[in-house]
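The values are calculated or read from the model by the stated rules, or taken from the named source; none is laboratory data. For clarity, every value in this text was computed on a predicted model and none was experimentally measured. Positions of Cβ are backbone-derived with ideal geometry, glycine not excepted, and every protein chain shown enters the neighbour counts.
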């Protein structure tokens, strides 16, 4: 297998996308006078799946910056998280387990946290490739603020995710190349991304030892 690695250029583009996401989030949060401070809930126990090799590789880029002791600790937490999620699913329930990266109310890999972690909370929308628009109302606390301030939810400010998602798709295509559609689709929790190891794909036939390229 061949590890999928982000170049410095692609890593910088991912970082730029994330910064833009945070900026858009802050604009909407400020207009709604919304903050997570004092919230009785914790979004870090929400069950999210992630779908790109790009974010998987970026998460591992941050994970490798930790010392060995911290890495082992997070791996053990991730294994526990996976087991607890499997138990919940076996009961026919949607898992609600604290993210293994959560530590004292803050993400251990905060600067490398994934897209969903950066956008969840305030109202948002995105346009799918088929043209259908999906609307996300935000967390329960934000929904309460919207109901008090607006007659209809549609009047509230929201984050338009589509342009930034398109940029992320562009990174994914550049990272994986023209054979992206041939690789297994990513559908993993953060815990699964860590326990599974960094993203890897089969070594191309032409790059295998003893195989001479056609000339």
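Does residue 80 fit the bill of being out of contact with any helix residue (DSSP H, G or I) (no Cβ under 8 Å at 6 or more places or on another chain) and within 20 Å of residue 196 (Cα to Cα)? Judged against the criteria, residue 80 is a match. Residue 120 fulfils the conditions (1) more than 22 Å from residue 172 (Cβ to Cβ); (2) crowded, with 16+ Cβ neighbours inside 10 Å; (3) at pLDDT below 95 except for a single criterion, (1). Assess whether residue 140 counts as being closer than 24 Å to residue 36 by Cβ, exposed (fewer than 12 other Cβ atoms within 10 Å of the Cβ) and more than 18 Å from the chain's Cα centre (by Cα). Against the criterion (closer than 24 Å to residue 36 by Cβ, exposed (fewer than 12 other Cβ atoms within 10 Å of the Cβ) and more than 18 Å from the chain's Cα centre (by Cα)), residue 140 qualifies.
From the list 58, 25, the one residue that fits, being farther than 30 Å from residue 149 by Cα and in a helix (DSSP H, G or I), is 58. Residue 159 versus (1) without any contact (Cβ under 8 Å) to a residue 40 or more places away in the chain; (2) surrounded by 14 or more Cβ atoms within 10 Å (Cβ to Cβ); (3) under 25 Å from residue 40 (Cβ atoms); (4) touching a helix residue (DSSP H, G or I) at 6+ places or on another chain (Cβ under 8 Å): which is the lone unmet condition? Condition (1) is where residue 159 drops out.
Would you be able to tell me the number of residues in the range 9-55 that are at pLDDT below 90 and loosely packed, with under 15 Cβ neighbours inside 10 Å? So the answer is 8. Looking at the structure I just gave you, is residue 126 within 17 Å of residue 191 (Cα to Cα) and either out of contact with any helix residue (DSSP H, G or I) (no Cβ under 9 Å at 6 or more places or on another chain) or surrounded by 12 or more Cβ atoms within 10 Å (Cβ to Cβ) (or both)? No; evaluated as a whole, the condition is false for this residue. When residue 91 is tested against the conditions (1) free of Cβ contacts under 8 Å to residues at least 60 places away in the same chain; (2) closer than 23 Å to residue 177 by Cβ; (3) surrounded by fewer than 12 Cβ atoms within 10 Å (Cβ to Cβ), the lone failure is (2).
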